[in-house]
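First comes the structure, then the notes that go with it.
The values are calculated or read from the model by the stated rules, or taken from the named source; none is laboratory data. All values derive from a computational prediction rather than experimental measurement. We place every Cβ from the backbone using ideal geometry, glycine too, and count neighbours over all the protein chains shown.
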Amino acid sequence: MNPILITNGTLINSDFTQEADLLIEDSKIAEIGKLNTDQYPSAEIIDASGKYIFPGGIDPHVHLDLPTPAGNSSDDFVSGSRAAIAGGTTSFIDFVTPRRGQSLIEAFYERKAQAATSLCDFGLHMGISGWNTDTIAQVESSIENEGITSFKAYLAYRETIGIDYSQLEKLMRCIAPHEKILLVHCEDGEIITQLQQSFLKDGHTHASYHVRSHPPEAEIRAVDKVIELAAITNCPVYIVHVSTAGAAESIRQAKKSGVKIFAETCTQYLLLNDSVYDASLPNKKLLPYIISPPIRSRYNQEALWQGLSDGTFDTVATDHCPFNLHGQKDRGINDFTKIPNGAGGIEHRLVLLYTYGVLTGKITLNQFVSLTSTRAAEIFGFGNRKGKLQIGFDADIVIWDPDAKGIISVNNHFQHCDTDIYEGIATQGKAEVVIVNGSIGFRNGILKMIC
């Protein structure tokens with residue numbers, strides 16, 4: 001692997017900006033500063049004049065090849081990592097989702113083998129998909145013997161993979177002494193189930209009833225309860241995909257009071273609004289946007305942007321979990337509860353946040369790097385090697401063209417899906433060169449990796 005010398009770029013870290021050259025050797029950042037190209041005769045020289053240099057994006061929340069009754073999510077670890085790299089994301093964290101009653105360790109090794117086809121680095125959160133007398137012992141074994149540092153619980157989907165609040169408290173009390181972190185999907189399962197059953201009983205099957213059965217109150221109630229339990233148990237928690245102003249405010253106040261809490265929102269909640277669920281539209285038009293929690297109103301959207309600016313949110317993720325419209329999403333054309341929940345976005349995260357966050361003045365370039373890379377690395381235990389442009393760190397690097405313009409389209413995206421929820425959205429900026437572990441993985445729209 002020959003060295004790579006990036007010259008004349010503007011290096012953007014979460015805490016400072018620097019005009020400097022950067023040398024990559026043996027998959028690591030070897031030098032930063034004013035470097036003489038003559039001293040590196042074997043290096044490939046990349047002139048980054050007028051370009052930004054970012055640490056590679058880290059998406060802490062994706063679901064590749066996720067099994068569902070409608071079939072697995074349409075991106076596997078090859079196509080999903082390919083899309084990630086094309087958009088400037090060089091690492092992601094997926095999930096182990098054990099079957100009800102399956103050993104956590106068995107599920108972990110199955111998922112790890114499946115994920116090994118990824119073209120970039122990955123991590124795995126351990127999902128707790130049910131509860132029995134062995135759960136606590138298995139969680140402790142996961143920590144002590146397998147080195148697992150993060151767990152995930154769902155308060156929705158209780159009939160399949162969710163748990164209730166009393167079980168959540170037991171899980172927190174188990175994790176807290178080990179100082180590991182618990183991710184929580186905060187939607188109150190009882191509220192959702194009751195509304196779904198009521199709507200179906202009354203003959204309401206249109207996809208617009210999905211959003212009605214997942215009201216903001218379901219998220220806010222669950223977030224408030226999780227904060228309460230986190231304070232009691234002293235367990236660090238990470239609230240995933242926050243979509244409401246009320247939940248953001250609860251998290252903001254909890255942080256001020258010293259609760260060990262981290263939070264993410266996602267690009268879909270920042271860029272789209274609930275007009276995508278217009279009940280006057282045919283069902284088929286709504287299907288791509290059926291996700292949980294659903295996309296909210298502009299009022300909530302504005303509150304989330306404020307949360308990015310003021311530090312309420314630590315990260316922006318995607319919850320990337322695409323399903324094809326034909327043969328998957330349309331299975332629920334006559335019953336909104338049967339529509340597989342999820343949408344893609346891993347390759348669009350950086351460009352959307354740059355275009356509609358940085359360029360509009362909602363966040364700074366340094367906050368952009370923090371939200372898309374640095375904080376995820378710090379929270380999930382690899383901040384000593386990723387998330388910064390620093391000597392000795394992994395050479396996961398994005399050379400960003402700030403002036404490039406584009407339009408998102410299903411016709412040219414890299415994710416493996418026949419729809420794109422960001423179809424037609426105009427963007428500015430792009431990942432011109434993406435370096436993955438010291439090798440050029442993407443350049444000028446072309447993937448360079450074997451895939």
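Couple of notes before you dig in:
- For region 191-220, the set of residues classified as surrounded by fewer than 16 Cβ atoms within 10 Å (Cβ to Cβ) and in a helix (DSSP H, G or I) consists of Gln194, Gln197, Ser198, Leu200, Lys201, Glu217, listed by residue number.
- Check on Thr205, more than 27 Å from Arg173 (Cβ to Cβ) and in contact (Cβ under 8 Å) with a residue 60 or more places away in the chain: yes
- Boolean, Val240 is closer than 16 Å to Asp224 by Cα and either of a type in the set (A, V, I, L, M, F, W, C) or outside the structural domain of Leu325 (by TED's automatic domain parsing) (or both): yes
This table checks each residue for (1) small (Gly, Ala, Ser); (2) in contact with a helix residue (DSSP H, G or I) (Cβ under 8 Å, 6 or more places away or on another chain); (3) surrounded by 14 or more Cβ atoms within 10 Å (Cβ to Cβ); (4) more than 25 Å from Ala376 (Cβ to Cβ).
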position	(1), (2), (3), (4)
Pro3	no, no, yes, yes
Phe16	no, yes, no, no
Ile32	no, no, yes, no
Leu35	no, no, yes, yes
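- Extreme residue, farthest from Gly381 (Cα to Cα), among residues of region 125-137 that are crowded, with 21+ Cβ neighbours inside 10 Å and modelled with pLDDT of 95 or more: Ile128
- In the set (1) crowded, with 19+ Cβ neighbours inside 10 Å; (2) of a type in the set (S, T, N, Q); (3) within 20 Å of the chain's Cα centre (by Cα), the condition left unmet by Gln114 is number (1).
- Residue in region 261-279 that is more than 17 Å from Glu423 (Cβ to Cβ), outside any helix (DSSP H, G or I), touching a His at 6+ places or on another chain (Cβ under 8 Å) and among the polar types (S, T, N, Q) present: yes
- Residues of region 152-164 that are farther than 12 Å from His185 by Cβ and either in contact with a helix residue (DSSP H, G or I) (Cβ under 8 Å, 6 or more places away or on another chain) or not assigned by TED's automatic domain parsing to the domain that holds Lys225 (or both): Glu159, Asp164.
- Residues being part of a loop (DSSP other than H, G, I, E, B) and either among the β-branched types (Val, Ile, Thr) or without any contact (Cβ under 8 Å) to a residue 40 or more places away in the chain (or both) - total across region 312-343: 4
- Val62 surrounded by 21 or more Cβ atoms within 10 Å (Cβ to Cβ), closer than 25 Å to Asn437 by Cβ and either of a type in the set (Lys, Arg) or at pLDDT 95 or above (or both): yes
- Applying the condition of being in contact with a Pro (Cβ under 7 Å, 6 or more places away or on another chain) and crowded, with 20+ Cβ neighbours inside 10 Å to region 221-247 and asking which residue is farthest from Asn273 (Cα to Cα) yields His241.
- Tyr277 meets each of the listed conditions (1) surrounded by fewer than 18 Cβ atoms within 10 Å (Cβ to Cβ); (2) at pLDDT 95 or above apart from (1).
- Some residue of region 248-267 being under 24 Å from Ala70 (Cα atoms), buried (at least 19 other Cβ atoms within 10 Å of the Cβ) and either touching a residue at least 40 places away in the same chain (Cβ under 8 Å) or outside the structural domain of Ile163 (by TED's automatic domain parsing) (or both): yes
- Some residue of region 149-162 being at pLDDT 95 or above, part of a helix (DSSP H, G or I) and within 15 Å of Ala222 (Cα to Cα): no
- Within region 26-71, strands (runs of 3 or more DSSP E) holding 3 or more residues that are under 30 Å from Ile291 (Cα atoms), in contact (Cβ under 8 Å) with a residue 60 or more places away in the chain and within 29 Å of the chain's Cα centre (by Cα): 57-59
- Among the residues listed as Ser292, Ser309, the single one being assigned by TED's automatic domain parsing to the domain that holds Asp202, within 19 Å of the chain's Cα centre (by Cα), at pLDDT 95 or above and part of a helix (DSSP H, G or I): Ser309
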